[in-house]
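One structure is given below, encoded as structure tokens.
The values are calculated or read from the model by the stated rules, or taken from the named source; none is laboratory data. What you see is a predicted model; the values in this text were computed from it and never measured. Note: ideal-geometry Cβ built from the backbone for every residue, glycine included; neighbour counts use all protein chains shown. In case anyone asks, the SASA skips ligands and DNA or RNA and just uses the protein heavy atoms, side chains included. Shrake-Rupley method; radii C 1.70, N 1.55, O 1.52, S 1.80 Å.
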Amino acid sequence: MSKLTQKQINDKVWAACDTFRGTIDATQYKDYILTMLFIKYISDVNKEKRADYMDKYSGDIERVERAMKHERFKVPEDSSFDYLYDNRNADNLGELTNIALENIEDANRSKLEKVFRNIDYNSEPNLGQTKDRNRRLKHLLTDFVELDLRPSNLEGNDVIGDSYEYLIANFASDAGKKAGEFYTPSQVSTLLAKLVEPKAGDRVCDPTCGSGSLLLKVADEIGSKNVALNGQELNGSTWALARMNMFLHEMDNAHIEWGDTLNNPLLKKDDALMKFDVVVANPPFSLDKWGADNASADRYNRFHRGIPPKSKGDYAFITHMIETLNEHGKAGVVLPHGVLFRGSSEAKIRKQLIDENILKAVIGLPANLFFGTGIPATILVFDKNKGCNTEVLFIDASNEFENAKNQNKLTNANIEKIVSTYKNWGTVDKYSHVATLEEIKENDYNLNIPRYMDTFEEEEPVDIKATQEEIKAIKQQIKAVEQKLEQHLQTLGF
């Protein structure tokens with residue numbers, strides 16, 4: 001029997017979204033869909049495990065139950081997907097589903113505590129009045145029951161995790177502007193993961209981790225599960241998605257906290273900020289009211305280089321990331337271009353970061369790559385272990401992309417060109433420039449990319465003589481057409 005492919009899961013789950021389309025927007029129904037996918041998966045995994053143990057222990061229930069206690073997830077019988085499906089005609093289906101989630105959370109408190117707190121399958125505002133709500137939930141269960149997600153029926157270990165990522169990306173595309181809150185486009189995540197050059201054994205952090213996709217890209221880049229993933233996310237629903245995303249990728253030890261990174265950092269050890277080998281982030285651009293009023297009293301002294309403006313939190317995130325790097329750590333962060341040249345306190349912080357010799361590269365990206373905004377962005381790469389090399393590499397990749405329907409995309413070739421230029425550390429005509437510290441000082445620490453490289457493409461010189469001949473020929477053609485028209489009109493009596 002053929003096994004279930006990622007595409008089949010994608011297609012089935014995406015079609016199941018029709019249950020909600022037109023009722024609630026994608027930013028909300030994604031939580032219902034992805035949570036149900038998670039419940040179906042852990043239910044099917046447990047069902048297969050139980051069957052295996054029944055065979056192994058010849059139906060000895062006591063031994064089977066004892067063995068099941070050591071499985072990754074415990075799914076109470078009256079809370080499994082199959083139980084919900086069997087009760088799909090119940091008048092209180094929303095309530096039954098919520099109870100099932102609570103039971104699963106209670107049975108797996110060390111892993112799933114609070115994960116389902118923000119999802120309500122009995123919500124009248126989201127899912128309608130009782131009759132409509134029951135109908136929608138019944139459709140959802142009926143769509144999912146056809147998916148056999150037992151591991152032995154999946155085409156590879158990564159299928160369910162990759163499918164979950166695919167769906168998050170598709171939901172982001174559907175959600176439009178709001179998607180920026182939970183998803184970084186896959187190609188940008190891949191690029192960022194390559195630029196920070198992670199290695200096995202690294203401790204990695206994303207302080208604005210969204211659904212966790214960027215962290216998983218860094219783990220992919222390492223090619224091993226020998227990595228410690230850490231993240232913090234402000235939005236409770238998105239934090240829950242990140243937790244489930246980690247489990248579906250078998251990164252059970254990932255440490256994902258829920259809270260405001262700038263005002264209440266939760267990734268700590270012995271009451272001090274944890275330090276990381278790699279920090280990556282795609283924080284909200286120019287966040288207003290990020291907490292500047294309390295920054296001078298920050299107990300971790302993160303803002304000792306200066307306090308960023310109240311209405312633009314970009315350097316607050318940069319500062320936090322730098323302060324959580326260990327002595328040889330690297331950071332990569334996606335930001336708006338304004339961080340390269342804005343004045344006032346941002347200029348002061350920028351100067352100090354450059355004088356500390358931790359800024360390694362400035363990379364200009366094409367416009368319209370992100371779901372939340374069409375403006376072009378830049379990636380800054382920091383390295384606490386630059387040694388005596390005080391140069392900064394500038395890359396202008398703004399003109400190299402693929403036009404797509406809603407967003408532009410970086411192709412694999414575009415990504416490879418940026419990464420190889422970064423690793424080769426050289427000047428490429430109209431593409432990259434290695435700037436000395438003296439050049440940067442001459443530019444008053446302004447990092448605006450056009451100050452360091454000329455990307456202007458001269459137009460082909462105009463051949464005046466050939467153009468005159470072309471104009472002459474066109475005039476003769478027009479004259480001939482007019483004469484012919486005149487003849488036709490005379491024939492018709494005009």
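Numbers at a glance
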item	result
Residue 237 being open to solvent by 40 Å² or more (accessible area, probe 1.4 Å), farther than 21 Å from residue 379 by Cβ and small (Gly, Ala, Ser)	no
Strands (runs of 3 or more DSSP E) lying entirely in the stretch 276-367 (those with 3 or more residues that are modelled with pLDDT under 95 and surrounded by 21 or more Cβ atoms within 10 Å (Cβ to Cβ))	none
Criterion: surrounded by 15 or more Cβ atoms within 10 Å (Cβ to Cβ), of a type in the set (Asp, Glu) and over 14 Å from residue 244 (Cβ atoms) - qualifying residue of 91, 106, 82, 78	82
Options 35, 27, 23: the member that is touching a residue at least 24 places away in the same chain (Cβ under 8 Å) and in a loop (DSSP other than H, G, I, E, B)	23
Lone unmet requirement of (1) open to solvent by 40 Å² or more (accessible area, probe 1.4 Å); (2) closer than 30 Å to residue 36 by Cβ for residue 263	(2)
Cβ pairs under 7 Å, 6+ apart, first in the stretch 420-435 and of a type in the set (Asp, Glu), second open to solvent by 20 Å² or more (accessible area, probe 1.4 Å)	none
